[in-house]
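What follows is a short report on a single structure.
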Amino acid sequence: MTKRRSNWYIYLITFLVAGVIVYIVSNALLNSFYESQKRGDTNTSQNNGTVFKPDKAHNFTILTMLSDEADDAPDYYMTITYRGDTNSVLLMPYLKNSYMKGNTLEKAYQNGGAEAAAKLVADATGVKITKYIKFTESTLIEFFDMAGNTTITVPTQLKHENEDDKTMTIINKGTSSFTGRQLHAYLTFPDYGVKDVQYPCKVQGSSYTEFINQNFHNLSEGYIEQYSHFLINFTQTNITKQDYEQKKQALLYSFNYANEICDYYIPYGEETDNGFEISANSFATVKEKITGEE
(Lines give C-alpha, C1' and ligand atoms only; values in the text may rest on other atoms or scores of the structure.)
Protein backbone atom coordinates (compact mmCIF):
# COMPACT_ATOMS: atom_id res chain seq x y z
CA MET A 1 0.00 0.00 0.00
CA THR A 2 1.34 3.38 -1.02
CA LYS A 3 1.55 5.96 1.77
CA ARG A 4 0.26 9.50 0.94
CA ARG A 5 2.69 12.34 1.30
CA SER A 6 1.52 15.20 3.52
CA ASN A 7 0.94 18.63 1.86
CA TRP A 8 0.93 20.57 5.11
CA TYR A 9 3.63 22.93 3.92
CA ILE A 10 1.48 23.93 0.89
CA TYR A 11 -1.39 24.92 3.20
CA LEU A 12 0.97 26.88 5.41
CA ILE A 13 2.38 28.86 2.48
CA THR A 14 -1.12 29.56 1.17
CA PHE A 15 -2.25 30.78 4.58
CA LEU A 16 0.74 33.10 4.94
CA VAL A 17 0.28 34.57 1.44
CA ALA A 18 -3.44 35.18 2.08
CA GLY A 19 -2.63 36.89 5.36
CA VAL A 20 -0.17 39.23 3.66
CA ILE A 21 -2.74 40.14 0.98
CA VAL A 22 -5.43 40.85 3.60
CA TYR A 23 -3.00 43.05 5.51
CA ILE A 24 -2.03 45.06 2.42
CA VAL A 25 -5.65 45.60 1.30
CA SER A 26 -6.83 46.53 4.80
CA ASN A 27 -3.98 48.96 5.26
CA ALA A 28 -4.72 50.62 1.89
CA LEU A 29 -8.40 50.99 2.74
CA LEU A 30 -7.64 52.51 6.13
CA ASN A 31 -5.19 54.99 4.62
CA SER A 32 -7.76 55.95 2.00
CA PHE A 33 -10.39 56.48 4.71
CA TYR A 34 -8.13 58.69 6.82
CA GLU A 35 -7.14 60.75 3.79
CA SER A 36 -10.81 61.28 2.89
CA GLN A 37 -11.48 62.39 6.45
CA LYS A 38 -8.76 65.02 6.12
CA ARG A 39 -10.24 66.29 2.84
CA GLY A 40 -13.81 66.26 4.19
CA ASP A 41 -14.89 63.80 1.46
CA THR A 42 -17.07 61.65 3.71
CA ASN A 43 -20.84 62.00 3.68
CA THR A 44 -20.85 63.21 7.27
CA SER A 45 -18.15 65.87 7.39
CA GLN A 46 -15.92 65.65 10.42
CA ASN A 47 -13.38 67.91 12.01
CA ASN A 48 -10.85 66.45 14.47
CA GLY A 49 -13.11 63.42 14.92
CA THR A 50 -16.21 65.49 15.75
CA VAL A 51 -19.30 65.32 13.55
CA PHE A 52 -20.01 68.71 11.95
CA LYS A 53 -22.89 70.72 13.40
CA PRO A 54 -23.74 74.31 12.43
CA ASP A 55 -23.60 77.05 15.04
CA LYS A 56 -24.09 80.81 15.36
CA ALA A 57 -21.19 81.46 13.02
CA HIS A 58 -23.36 80.15 10.17
CA ASN A 59 -26.37 82.38 10.90
CA PHE A 60 -27.44 84.91 8.29
CA THR A 61 -30.39 87.10 7.30
CA ILE A 62 -31.23 88.26 3.78
CA LEU A 63 -33.94 90.53 2.38
CA THR A 64 -36.12 89.11 -0.39
CA MET A 65 -38.30 91.22 -2.66
CA LEU A 66 -40.87 90.51 -5.36
CA SER A 67 -41.89 92.68 -8.31
CA ASP A 68 -43.77 92.04 -11.55
CA GLU A 69 -40.84 92.80 -13.85
CA ALA A 70 -37.11 93.30 -13.34
CA ASP A 71 -37.30 97.09 -13.70
CA ASP A 72 -40.30 97.49 -11.38
CA ALA A 73 -40.07 98.46 -7.73
CA PRO A 74 -40.95 95.59 -5.38
CA ASP A 75 -44.47 95.20 -4.02
CA TYR A 76 -43.48 92.58 -1.43
CA TYR A 77 -40.65 92.43 1.10
CA MET A 78 -39.61 89.63 3.44
CA THR A 79 -36.53 88.78 5.49
CA ILE A 80 -35.33 85.19 5.61
CA THR A 81 -33.16 84.22 8.57
CA TYR A 82 -31.22 80.97 8.81
CA ARG A 83 -30.05 80.03 12.30
CA GLY A 84 -27.46 77.29 12.41
CA ASP A 85 -27.52 77.23 16.20
CA THR A 86 -31.20 76.19 16.22
CA ASN A 87 -31.43 74.51 12.78
CA SER A 88 -34.29 76.81 11.83
CA VAL A 89 -35.47 79.25 9.18
CA LEU A 90 -37.57 82.26 10.17
CA LEU A 91 -39.57 84.38 7.70
CA MET A 92 -40.69 87.95 8.41
CA PRO A 93 -42.94 89.58 5.79
CA TYR A 94 -43.27 93.38 5.63
CA LEU A 95 -45.73 95.65 3.86
CA LYS A 96 -44.05 97.88 1.30
CA ASN A 97 -45.18 100.97 3.23
CA SER A 98 -43.73 99.65 6.49
CA TYR A 99 -42.36 102.72 8.29
CA MET A 100 -39.15 102.52 10.30
CA LYS A 101 -36.28 104.86 11.11
CA GLY A 102 -38.05 107.77 9.41
CA ASN A 103 -38.55 105.98 6.10
CA THR A 104 -40.60 103.30 4.36
CA LEU A 105 -39.27 100.28 2.51
CA GLU A 106 -40.88 101.53 -0.68
CA LYS A 107 -39.17 104.94 -0.52
CA ALA A 108 -35.85 103.46 0.55
CA TYR A 109 -35.87 101.24 -2.53
CA GLN A 110 -36.89 104.09 -4.81
CA ASN A 111 -34.03 106.25 -3.52
CA GLY A 112 -31.27 103.69 -3.11
CA GLY A 113 -32.30 100.34 -4.52
CA ALA A 114 -32.19 96.96 -2.82
CA GLU A 115 -29.12 97.80 -0.73
CA ALA A 116 -30.90 100.80 0.81
CA ALA A 117 -34.00 98.74 1.61
CA ALA A 118 -31.86 96.05 3.28
CA LYS A 119 -29.97 98.69 5.26
CA LEU A 120 -33.23 100.24 6.47
CA VAL A 121 -34.43 96.94 7.93
CA ALA A 122 -30.97 96.29 9.40
CA ASP A 123 -30.88 99.71 11.09
CA ALA A 124 -34.38 99.26 12.49
CA THR A 125 -33.85 95.74 13.82
CA GLY A 126 -30.21 95.90 14.83
CA VAL A 127 -29.56 92.80 12.72
CA LYS A 128 -26.88 92.58 10.05
CA ILE A 129 -28.57 92.44 6.63
CA THR A 130 -26.38 93.14 3.62
CA LYS A 131 -27.52 90.44 1.17
CA TYR A 132 -30.71 90.48 -0.90
CA ILE A 133 -32.63 88.60 -3.60
CA LYS A 134 -35.15 90.29 -5.88
CA PHE A 135 -37.56 87.99 -7.70
CA THR A 136 -39.83 88.80 -10.59
CA GLU A 137 -43.05 87.00 -11.40
CA SER A 138 -41.31 84.71 -13.88
CA THR A 139 -38.26 83.88 -11.74
CA LEU A 140 -40.34 83.15 -8.64
CA ILE A 141 -42.67 80.84 -10.57
CA GLU A 142 -39.69 79.03 -12.06
CA PHE A 143 -38.10 78.64 -8.63
CA PHE A 144 -41.34 77.28 -7.17
CA ASP A 145 -41.62 74.75 -9.99
CA MET A 146 -37.99 73.66 -9.57
CA ALA A 147 -38.70 72.72 -5.95
CA GLY A 148 -42.13 71.13 -6.51
CA ASN A 149 -45.80 71.72 -5.82
CA THR A 150 -46.93 73.03 -2.44
CA THR A 151 -50.09 72.00 -0.59
CA ILE A 152 -51.92 75.11 0.61
CA THR A 153 -55.21 75.54 2.50
CA VAL A 154 -57.23 78.54 1.34
CA PRO A 155 -59.82 79.58 3.98
CA THR A 156 -62.34 81.13 1.59
CA GLN A 157 -62.92 81.33 -2.15
CA LEU A 158 -61.23 84.30 -3.81
CA LYS A 159 -62.44 86.08 -6.95
CA HIS A 160 -60.98 89.04 -8.79
CA GLU A 161 -61.85 90.57 -12.16
CA ASN A 162 -59.11 92.32 -14.10
CA GLU A 163 -60.43 95.75 -15.06
CA ASP A 164 -58.29 95.93 -18.21
CA ASP A 165 -59.10 92.64 -19.94
CA LYS A 166 -62.11 91.59 -17.83
CA THR A 167 -60.57 88.19 -17.07
CA MET A 168 -61.61 86.52 -13.81
CA THR A 169 -59.13 84.91 -11.42
CA ILE A 170 -60.66 82.39 -9.02
CA ILE A 171 -58.88 80.54 -6.20
CA ASN A 172 -61.14 77.93 -4.64
CA LYS A 173 -61.60 77.33 -0.94
CA GLY A 174 -59.99 74.24 0.55
CA THR A 175 -56.73 72.32 0.50
CA SER A 176 -55.02 71.66 -2.82
CA SER A 177 -51.64 71.27 -4.45
CA PHE A 178 -50.43 74.52 -6.01
CA THR A 179 -48.11 74.77 -9.00
CA GLY A 180 -45.65 77.63 -9.14
CA ARG A 181 -48.01 79.83 -11.13
CA GLN A 182 -50.96 79.07 -8.84
CA LEU A 183 -48.91 79.79 -5.72
CA HIS A 184 -47.69 83.09 -7.17
CA ALA A 185 -51.29 84.05 -7.98
CA TYR A 186 -52.32 83.34 -4.38
CA LEU A 187 -49.39 85.26 -2.90
CA THR A 188 -50.09 88.33 -5.03
CA PHE A 189 -53.89 88.25 -5.01
CA PRO A 190 -55.20 91.84 -5.18
CA ASP A 191 -57.94 91.53 -2.56
CA TYR A 192 -58.32 88.80 0.05
CA GLY A 193 -61.61 90.28 1.28
CA VAL A 194 -60.20 90.82 4.78
CA LYS A 195 -60.04 94.19 6.56
CA ASP A 196 -56.77 93.41 8.35
CA VAL A 197 -54.13 95.45 6.51
CA GLN A 198 -51.46 92.89 7.40
CA TYR A 199 -53.43 89.91 6.11
CA PRO A 200 -51.25 89.73 2.95
CA CYS A 201 -48.26 89.28 5.27
CA LYS A 202 -50.03 86.31 6.87
CA VAL A 203 -50.60 84.77 3.44
CA GLN A 204 -46.94 85.38 2.56
CA GLY A 205 -45.59 83.97 5.81
CA SER A 206 -47.79 80.87 5.96
CA SER A 207 -47.46 80.01 2.25
CA TYR A 208 -43.67 80.38 2.06
CA THR A 209 -43.38 78.40 5.29
CA GLU A 210 -45.33 75.52 3.74
CA PHE A 211 -43.25 75.76 0.57
CA ILE A 212 -39.99 75.39 2.51
CA ASN A 213 -41.18 72.74 4.96
CA GLN A 214 -42.70 70.58 2.22
CA ASN A 215 -39.96 70.88 -0.39
CA PHE A 216 -36.67 71.39 1.42
CA HIS A 217 -36.62 68.57 3.98
CA ASN A 218 -34.00 65.88 3.19
CA LEU A 219 -32.56 68.14 0.52
CA SER A 220 -29.60 66.58 -1.30
CA GLU A 221 -26.44 68.42 -2.22
CA GLY A 222 -27.33 68.15 -5.90
CA TYR A 223 -30.61 69.98 -5.43
CA ILE A 224 -29.19 72.69 -3.22
CA GLU A 225 -26.47 73.27 -5.84
CA GLN A 226 -29.16 73.59 -8.50
CA TYR A 227 -31.21 76.06 -6.45
CA SER A 228 -28.22 78.20 -5.52
CA HIS A 229 -27.08 78.33 -9.15
CA PHE A 230 -30.51 79.56 -10.20
CA LEU A 231 -30.73 82.20 -7.46
CA ILE A 232 -27.22 83.54 -8.08
CA ASN A 233 -27.48 83.62 -11.87
CA PHE A 234 -31.14 84.31 -12.67
CA THR A 235 -32.41 86.68 -9.97
CA GLN A 236 -31.26 90.15 -8.99
CA THR A 237 -28.99 89.42 -6.04
CA ASN A 238 -25.64 90.31 -4.51
CA ILE A 239 -25.20 86.78 -3.15
CA THR A 240 -22.09 85.16 -4.62
CA LYS A 241 -20.93 81.59 -5.16
CA GLN A 242 -18.44 82.14 -2.34
CA ASP A 243 -21.26 83.19 0.02
CA TYR A 244 -23.08 79.99 -0.82
CA GLU A 245 -20.03 77.75 -0.36
CA GLN A 246 -19.48 79.19 3.12
CA LYS A 247 -23.02 78.23 4.19
CA LYS A 248 -23.63 75.07 2.16
CA GLN A 249 -22.52 72.54 4.74
CA ALA A 250 -24.65 74.13 7.46
CA LEU A 251 -27.74 74.33 5.23
CA LEU A 252 -27.39 70.70 4.17
CA TYR A 253 -27.13 69.62 7.79
CA SER A 254 -30.21 71.56 8.89
CA PHE A 255 -32.39 70.58 5.94
CA ASN A 256 -31.56 66.92 6.51
CA TYR A 257 -31.74 66.70 10.29
CA ALA A 258 -34.55 69.09 11.21
CA ASN A 259 -38.26 68.55 10.66
CA GLU A 260 -40.59 71.52 10.08
CA ILE A 261 -37.53 73.75 9.86
CA CYS A 262 -39.41 76.92 8.86
CA ASP A 263 -41.75 79.27 10.72
CA TYR A 264 -42.76 82.92 10.38
CA TYR A 265 -43.34 86.04 12.46
CA ILE A 266 -45.18 89.19 11.37
CA PRO A 267 -43.81 92.41 12.88
CA TYR A 268 -46.81 94.31 14.21
CA GLY A 269 -47.63 98.00 14.35
CA GLU A 270 -50.32 100.44 13.27
CA GLU A 271 -51.28 102.57 10.32
CA THR A 272 -50.18 106.21 10.56
CA ASP A 273 -49.83 109.14 8.16
CA ASN A 274 -46.26 107.98 7.54
CA GLY A 275 -47.21 104.45 6.61
CA PHE A 276 -47.53 101.21 8.58
CA GLU A 277 -45.35 102.05 11.56
CA ILE A 278 -43.72 99.01 13.14
CA SER A 279 -43.85 98.96 16.94
CA ALA A 280 -40.59 99.35 18.85
CA ASN A 281 -41.59 96.35 20.97
CA SER A 282 -42.09 94.31 17.82
CA PHE A 283 -38.62 95.22 16.58
CA ALA A 284 -37.24 94.05 19.93
CA THR A 285 -39.01 90.73 19.36
CA VAL A 286 -37.63 90.59 15.82
CA LYS A 287 -34.07 90.97 17.07
CA GLU A 288 -34.57 88.36 19.77
CA LYS A 289 -36.03 85.83 17.31
CA ILE A 290 -33.29 86.42 14.75
CA THR A 291 -30.27 86.55 17.06
CA GLY A 292 -31.47 84.73 20.16
CA GLU A 293 -30.44 87.77 22.19
CA GLU A 294 -32.74 90.10 24.09
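The values are calculated or read from the model by the stated rules, or taken from the named source; none is laboratory data. Remember, predicted model here, so these are calculated numbers, not experimental data. Don't worry about glycine lacking a Cβ; one is built from the backbone with ideal geometry, like all the others, and counts go over all protein chains shown. Surface accessibility is based on the protein's heavy atoms, side chains included, excluding ligands, DNA and RNA. Shrake-Rupley method; radii C 1.70, N 1.55, O 1.52, S 1.80 Å.
Quick notes on this one:
- Portion, in percent, of the accessible area of the stretch 169-294 that falls on carbon or sulfur, probe 1.4 Å: 46
- Listed by chain and number, the lysines placed with their C-alpha closer than 29 angstrom to that of K173 are K96, K159, K195, K202; residues fewer than eight positions away on the same chain are left out.
- Sparse packing (at most 11 other Cβ atoms within 10 Å of the Cβ) combined with a DSSP loop state is found for the following trypsin sites (Lys or Arg not before Pro) in the stretch 127-228: K166, K173, K195.
- Within the straight-line cut-off of under 28 Å between alpha carbons, the lysines reachable from K248 are K38, K53, K56, K119, K128, K131, K134, K287, K289, sequence neighbours fewer than 8 places apart in one chain being disregarded.
- Options A117, T151, L91, ranked by Cα towards positive dipole end of the stretch 91-162, top entry (Cβ charges): A117
- Gyration tensor verdict on the stretch 150-221 (Cα atoms; rounded if a/c is under 1.5, prolate if a/b is larger than b/c, oblate otherwise): prolate
- Dipole-positive endmost among Y199, G174, F216 within the stretch 122-220 (Cβ charges, Cα centre): F216
- In this structure the stretch 211-273 gives 57 Å² per residue of accessible area when probed at 1.4 Å with all protein chains present.
- Filtered GluC sites (Glu not before Pro), the stretch 144-251: DSSP coil and at most 15 other beta carbons within 10 Å: E163
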